[in-house]
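Colleague: Dumping the structure here so I can ask a few things about it.
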Amino acid sequence: KIMKKLIKKFKKLFLIVLCVLVALCIFQWYEQSQDRCSITKTTFTENSLPKQFNGFTIGYLSDLNLSEKNDLTRLNSIIQDLNAKNLDMILFGGDIFNESSFENNYGKFAVLGDKDQNDSSTCSNILTEAGFEVLHNEVRNIYYKEDIIQLIGLENTGDCSGLINETNEKSYKISLIHQP
């Protein structure tokens, strides 16, 4: 009878310890996944792969889950690490943002920079997925408390003369441009 009680207490203690260990492992995984990235090198051998691809290197990243300013430092570190590898191709598997990247009431707007122009389609798609409207030499009216200001999004030239005319020349304007 005493032995059965000891075994029963041991089982309960064992289950409690096991639950605590599992909880600690999950917590550790969550904390590390938010701040760290792991780089693993794997060699893939496949007979049906064309021989010309022997030595072809692919970088894969996913689940960046960007949500705060510190994440940009982490992203920059990841970019530097991948660039140092001199990879032939890079694949991104999704989840660039953690839920919503920015909360706002009157829209999210962006313009492309000079470096973004090299791959404007990809950069525009990333910004669009994040909920931004990318302005390409365009004017957007921002309505607030029965009044309007105009947001002018310019690409590289800084010339907004074609966007200002008789109907909007007296409106207050904010120009958004990336001019290196």
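The values are calculated or read from the model by the stated rules, or taken from the named source; none is laboratory data. Just so it is clear, the structure is predicted and the values come from calculations on it, not from any experiment. Cβ placement follows ideal geometry from the backbone for every residue including glycine, while neighbour counts extend to all protein chains displayed. With ligands, DNA and RNA removed, areas are computed over all heavy atoms of the protein, side chains included. Shrake-Rupley method; radii C 1.70, N 1.55, O 1.52, S 1.80 Å.
Colleague: For region 66-84 and region 44-62, write down the distance between their C-alpha centroids in whole Å.
Modeller: What the calculation gives is 25 Å, centre to centre.
Colleague: Per residue of region 117-125, in order, report the coupling 6.51 cos²θ - 1.76 cosθ + 1.60 (Karplus, θ = phi - 60°) as ³J(HN,Hα) in whole Hz, putting x for Gly and Pro.
Modeller: With the stated coefficients, region 117-125 comes to 5, 4, 9, 4, 5, 5, 4, 5, 5 Hz.
Colleague: Build a GNM of the chain with springs between Cα atoms under 10 Å: which of L82, L64, L21 gets the top mean-square fluctuation?
Modeller: L21
Colleague: Starting from the amide H of E138, placed 1.01 Å from N in the peptide plane, find each other amide H under 5 Å away whose residue is 5 or more places distant or on another chain.
Modeller: Distant-sequence amide H within range of E138: G153.
Colleague: Which far-off residues, 5 or more places away or on another chain, put their amide H under 5 Å from the one on E133, with H placed in the peptide plane?
Modeller: K108, F109, A110
Colleague: Identify which of the listed values of P(r) over Cα pairs in 10 Å bins from 0, in percent was calculated from the structure shown: [x] 10, 38, 33, 15, 4, 0; [y] 9, 34, 33, 18, 7, 0; [z] 7, 21, 23, 18, 13, 9, 5, 2, 1, 0.
Modeller: Answer by label: [z].
Colleague: So if I place +1 on the C-beta of Lys and Arg and -1 on the C-beta of Asp and Glu, and nothing else carries charge, what would the dipole magnitude of the chain be about its Cα centre? I want it in debye, nearest 20.
Modeller: 2220 debye
Colleague: Ranked from the most accessible area to the least, with a 1.4 Å probe and all protein chains present, what is the order of E166, E68, E155, E133?
Modeller: Accessible-area ranking of E166, E68, E155, E133, largest first: E166, E68, E133, E155.
Colleague: Residue by residue, what Karplus-based ³J(HN,Hα) values in Hz, rounded to whole numbers, does region 74-85 have, using 6.51, -1.76 and 1.60 with θ = phi - 60° and x for Gly and Pro?
Modeller: For region 74-85, the Karplus curve yields 5, 4, 4, 5, 5, 4, 4, 4, 5, 5, 5, 7 Hz.
Colleague: Share of the chain's accessible area from carbon and sulfur, percent, 1.4 Å?
Modeller: After summing per-atom areas, the C and S share lands at 56 percent.
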